[in-house]
Ligand SMILES: Nc1ncnc2c1ncn2[C@@H]1O[C@H](COP(=O)(O)OP(=O)(O)O)[C@@H](O)[C@H]1O
Ligand SMILES: [Mg+2]
């Protein structure tokens, strides 16, 4: 009966009911790319967004290098603070970038764009995967830019090319999985104003109570326990180690485990929240 | 064959019972006007029918597919233009259409032609390559309509497609909507305007406070109400209640009173005969009246009497 209704509609060109995993996968990938394209077009049409998301980490880089660098090197003579700082600040840059995702998703909900997507025969993961993928592209751009600026002010990595590529890969992948968290929060709060705060506020302590800016061994005990064991430190340590070709396999595996763990938890959570009908 | 079917649909948001047992159906190729005032539950029903919202209970089918369990199949045969234009501000009009077309999995080679065709059909050619943020409200609405039909879906939902448009743009949109449905599309259209339902729809379902208050063609609704309407106003405020009681026997439904102006409306069968009886009844009770009139009913009377009763 249902098929009947469709066949009597010869002008309907949409994708007629069809199963098959491969086909579904193909559509999912295509849908994801379409959404990623859309998000990248947003950046192209509003370059100020990209400027904002790069100016801020560069400012952090310069401020920390020149304002605190002296004091930190004074305490640890012989250290070159920029070499410590840059690998860590890459993590901060990609993470701060993804907080924009929370806002963007909330905006799409508020404007009804998500409703339109949800009423289309597209893959359930595509809207979010497209978003996190375009975030990763932006992350790669920001990381590259930071490396150039870092090099200009004295950053000198010592690892092999392979090490350095690995470090960049870790930083960008962490940004990618982190943006699934940001997307999940955006779906949860659903309005732009809340998202502006909710997407951001909790990230601050996470970034500062870590090995991104300073060695946690200088922190008070109660904080150090957290700072040494939280994921941002795990990633920062691995990235830093890779840049200087001085890293244990265990450190890299721990970073990869965090990346995989966050992905495996927050990807399904976000997809589930997306599929849930919003009231 | 019924293409859109909703049976006994209930949906509450916390304390608010947005849908209180709504049933309706739309035969293939027909246009149903879902008419109701603000807050009647129109959007809620449309969201339930288009897989966006799960009702608390009830059955929903589209083209024979169960909306709750066969979401994917339903999504392949429906088009939706929601209450607020859901077009992407940063993309151009053409890009918006191409994006939606690709997400319907249309053939990439055809999607461009189809987009251009729609841009022409909806008079958006000149603005096709401008970002949507430069569009007027009417243009956005048209683009949103175009997006909803890019895959020629056999079943279409338009939620208040002309709300917020000026009268000129509204008339224009009516023409577009008429064109959309000439090809056998089944359409459910919501509106707050009787005139719109009257002009566009084959059948009208009037809902109010989450319940179906009346249904039928525009003519049936008018005929059902009454053939004539008597209006009068008691001169003395204190006699309003007495006047209502005195005439309550004459109307089809309970007489209506406008609390602000004190105007009482009685819907009756045979105007002039009833007029005499009404005047006599009021006279017997010693109620002095002013502004007495007898007129033909408008669809607005149907709307008002049905939506005020509940
Ligand atoms: N997300 C929501 N949360 C709480 N109440 C809602 C929500 N959406 C709609 N309502 C309420 O449900 C009722 C029906 O709303 P709606 O379906 O939007 O009506 P309409 O589209 O006819 O104007 C209204 O009382 C409205 O306030
Ligand atoms: Mg509505």
Report task. Please give the helix A:161-189 orientation as an angle from the longest Cα principal axis of chain A, in degrees from 0 to 90, rounded to the nearest 10. Result -> 50
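Relative contact order for chain B: what is it in percent, counting Cα pairs under 8 Å that are at least 6 residues apart? Write down the numbers at each step before the final one.
On the way: 592 pairs, mean separation 61.5, N = 310.
Once normalised by length, the contact order is 20 percent.
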Query raised in the report: For the residue pair residue A:256 and residue B:178, what label-to-label distance in nm results when each label sits 7 Å from Cα along the Cα-to-beta-carbon direction?
Result: 6.7
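Mind pulling the per residue volume of the convex hull built on the Cα atoms of segment B:21-140? Å³ is fine. Each step should come with its number before you reach the end.
On the way: hull volume 17.1 nm³, N = 120.
Per-residue hull volume (Cα only) is 142 Å³.
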Query raised in the report: By how many nm would the segment from residue B:304 to residue B:38 lengthen if fully extended, with 0.36 nm per residue of separation less the alpha-carbon distance?
Result: 94.5 nm
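What is the mean number of Cβ atoms from other protein chains located within 10 Å of the Cβ atom of each residue in peptide B:77-90, rounded to a whole number? It would help to have the intermediate numbers written out before the result.
Values: counts 9, 4, 3, 6, 3, 5, 2, 4, 4, 9, 4, 8, 6, 8.
Mean shielding count: 5.
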Requested in this report: Partner chain Cβ atoms within 10 Å, averaged over the residues of B:131-137 - can you pull that number for me?
Outcome: 1
Report task. Report the residue, chosen from B:14, B:79, B:290, that carries the largest GNM mean-square fluctuation when chain B is represented by alpha-carbon nodes joined by springs under 10 Å. Result -> B:14
Requested in this report: Return one number: the angle in degrees, 0 to 90 and rounded to the nearest 10, between the long axis of the Cα atoms of helix B:137-148 and the longest principal axis of the Cα atoms of chain B.
Outcome: 60
Report summary line: Note on chain B, DSSP bridge orientation, antiparallel percent to nearest 5 equals 65
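Just want to confirm a number: the relative contact order over chain A, from Cα pairs under 8 angstrom separated by 6+ residues, in percent.
Numbers: 324 pairs, mean separation 69.1, N = 279.
Normalised by residue count, the contact order of chain A is 25 percent.
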Query raised in the report: Label residue B:8 and residue A:249 with points 7 Å out from Cα along Cα→Cβ: what is the distance between them in nm?
Result: 6.5
Report summary line: Mean-square fluctuation maximum in Gaussian network of chain A, Cα pairs under 10 Å, restricted to A:30, A:46, A:196, hits A:46
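Take every DSSP beta bridge whose two residues both sit in the protein assembly as shown, then give the antiparallel share in percent to the nearest 5.
Values: 34 of 52 bridges.
Of those bridges, close to 65 percent are antiparallel.
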Report task. Could I have the simple spin-label model distance between residue A:59 and residue B:269, label points 7 Å from Cα toward Cβ, reported in nm to one decimal? Result -> 8.0
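Just to verify a number: FRET efficiency for residue A:229 and residue A:23, C-beta to C-beta distance, R0 = 35 Å, to 0.05? Mind dumping the intermediate values first?
Values: r = 44 Å, r/R0 = 1.26.
Efficiency for this residue pair is about 0.20.
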Query - Nearest-0.05 FRET efficiency for residue B:136 and residue B:220, computed from C-beta distance (R0 25 Å) - result: 0.10
Query raised in the report: For chain A, what is the convex hull volume of the alpha-carbon atoms per residue, in Å³?
Result: 160
Report task. Would you mind telling me which residue in A:110, A:250, A:92 has the biggest mean-square fluctuation in a Gaussian network model of chain A, where springs connect alpha carbons within a distance under 10 angstrom? Result -> A:250
Report task. Distance between Cα centroids, segment B:3-58 to segment A:161-215: provide it in whole Å. Result -> 41
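For residue A:141 and residue B:241, what is the calculated FRET efficiency with R₀ set at 56 Å and r taken between the beta-carbons, to the nearest 0.05? Walk me through the numbers before you get to the answer.
Numbers: r = 75 Å, r/R0 = 1.33.
So the FRET efficiency works out to roughly 0.15.
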Query raised in the report: Does anyone have the angle between helix A:126-152 and the longest principal axis of chain A? Alpha-carbon axes, 0 to 90°, nearest 10?
Result: 20
**Report entry** Helix-only mean residue ellipticity at 222 nm for chain A, each DSSP H run of n ≥ 4 adding -39500 (n - 2.57), per residue, nearest 500
**Finding:** -25000 deg cm²/dmol
Query raised in the report: Per residue of chain B, what 222 nm ellipticity follows from adding -39500 (n - 2.57) for every DSSP H run with n ≥ 4, rounded to the nearest 500?
Result: -11000 deg cm²/dmol
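A short reminder: the numbers here are calculations on the coordinates, not readings from a lab. Just so you know, these numbers come straight off a predicted model, no measurement behind them. Don't worry about glycine lacking a Cβ; one is built from the backbone with ideal geometry, like all the others, and counts go over all protein chains shown.
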